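Shown next, in C-alpha cells, is the structure this report addresses.
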Amino acid sequence: MRLMLSAALSLMPAMAMAENPICAPTGEIVASAVDARKAGEDAPATITTITAEMTGDMAVYAPAVQPLVDWVYSLDEAQLAEDVAGSYVTQCEAQ
C-alpha cells in the first residue's frame, strides 16, 4: 500500500504536497475504484472509466488513477467491506 500511495503522491507537484490538497481528490478515485470492483468491473475497465471522468480540476489527478486502481484491486475482498477510501484519506493526510 505504501508503494502505491508513494507513487500516487509523487505524481503531484511539490507545492501541492506542502498544502496536502491531494488527499480528498485521490480519495475520490479510491472510492470510485472500490465501487467499481464491488460491482464486478475489472481493473483495466475501471482505469479507463475513471480516467475518462477526470475533467476540469480533477484532470491533474489522472496520472494517479492507475496506481490507485491497481492498489484497490490488490486488496483482499474482505477489506472492501471497510472504509477503504476513508482510511486512504486519513493516511494521506497524516503524511
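Taking a Cβ cut-off of under 12 Å around Ile29, the surrounding Lys, Arg, Asp and Glu residues balance to a net charge of -4, with basic ones at +1 and acidic ones at -1.
Between the residues Val60, Gly86, Leu75, the greatest Cα displacement towards the positive end of the dipole of the stretch 42-94, with unit charges on the Cβ of Lys, Arg, Asp and Glu, is found for Val60. Taking the empirical scaling 2.2 N^0.38 Å for compact globular proteins as reference, the stretch 42-94 has a Cα radius of gyration ratio of 1.21.
Any read-out appearing in this document is the output of simple, stated calculations on the displayed coordinates, not a laboratory observation. Owing to the predicted nature of the structure, the values given are computational and were not obtained by experimental measurement. Here the Cβ is made from the backbone with ideal geometry for all residues, glycine too, and neighbour counts use every protein chain on show.
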